[in-house]
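Structure record follows, encoded as structure tokens.
Values quoted throughout were computed directly from the atomic coordinates according to the rules given, and no laboratory measurement underlies them. Since the model is a prediction, treat every value here as computed from it, not as a measurement.
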Amino acid sequence: MSVTEITESRQYLTFKLGNEVFATDVAKVREVLDFTKITEIPRTPEFMSGVINLRGSVVPVVDLRLCFEMSKTVKTRNTCIVVVEVLLENESFVIGALADSVEEVIDLEPDQIQPPPRIGTRIRTDFIKGMGKRESEFIMILDIDRVFSAEELVAVRGVESIKTAA
């Protein structure tokens, strides 16, 4: 969905990675969890932190900071896991994403959202739905279904099928 397709006010969950504020449509968010024990899985991509037990279900957890080529997430008292629903080839699955902190749920009107910046062809920005403006601050609105490449999502989906006793 592009910015031009956003014609009504929407709610977004905002969260921080480093000093940057990101947002995703609340309709894609299942829940926000306090940081919990993550079971590491050998031989998975670096951005895969591991899996958690979410009420008996195995949920893969990714480090969003690594996905955005930032330094690895360092656990603090504000670190949390944002559990989202992602689409891959018309199939929905649940994934946890580490965030440095969750800020709030905000309403953004269509006129508060600008198209993502065009930075040339070498830098991938297709996962940015738009740039929300709140007061003097910009918020990167993520298209959570496009944050990961198809190959990355296949790796995450593979981890989802692992059965653990956690």
Fill in the blank from the handout: Note: Arg77 to Glu109 extended length (0.36 nm per residue) minus current alpha-carbon separation gives 8.3 nm
Handout entry: Computed lengthening from Arg55 to Val94, 0.36 nm per intervening residue step minus Cα-Cα distance
Key = 12.8 nm
Completion exercise
Residue separation between Arg30 and Leu87 times 0.36 nm, minus their alpha-carbon distance, gives in nm 19.2 nm
Problem - Exceeding the 21 Å Cα-Cα cut-off - candidates Lys75/Lys133; Lys75/Lys129; Lys16/Lys75; Lys28/Lys75; Lys72/Lys133; Lys16/Lys129 - result: Lys75/Lys133; Lys75/Lys129; Lys28/Lys75; Lys72/Lys133
